[in-house]
């Protein structure tokens, strides 16, 4: 479970789940800057997913692909759960988003944005 004393992380997850990917990335960057170690790399992965989905929504498939590839590479080290977050589901949704971007299909943002599930 995400600790209550981390309001920035909690707010970032709420924004992600609401499909507010640009705002999510802004909030999570503030959490990421002072972080170190494994926490820092995990936050980078989530930020990359948010930015990738933002690029997709803005009609930039190349930017979306690059960000989603970086996200999946970093997130792979945090499966299946990290700090109460269902990273396996987030990873699967990230893969589905990347596949849709690569094939020119529509990314179902509603499904992807539910990807950060906190237990």
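The values are calculated or read from the model by the stated rules, or taken from the named source; none is laboratory data. This one's a predicted model, so the numbers in the text were calculated from it and none came from an experiment. Heads up, the Cβs are rebuilt from the backbone with ideal geometry, glycines too, and the neighbour counts pull from every protein chain shown.
Worth a mention:
- Filter pass, residue 57 being surrounded by fewer than 21 Cβ atoms within 10 Å (Cβ to Cβ), at negative phi and modelled with pLDDT under 95: yes
- The set of residues from region 94-119 being at pLDDT below 90 and part of a helix (DSSP H, G or I) comprises 109, 110, 111, 112, 113.
- Residue in region 61-79 that is under 19 Å from residue 94 (Cβ atoms), at pLDDT below 95 and in contact with a helix residue (DSSP H, G or I) (Cβ under 8 Å, 6 or more places away or on another chain) present: no
- Only listed residue being surrounded by fewer than 23 Cβ atoms within 10 Å (Cβ to Cβ) and free of Cβ contacts under 8 Å to residues at least 12 places away in the same chain, chosen from 29, 65, 20: 20
- Tallying residues that are loosely packed, with under 14 Cβ neighbours inside 10 Å and touching a residue at least 40 places away in the same chain (Cβ under 8 Å) within region 68-110 yields 3.
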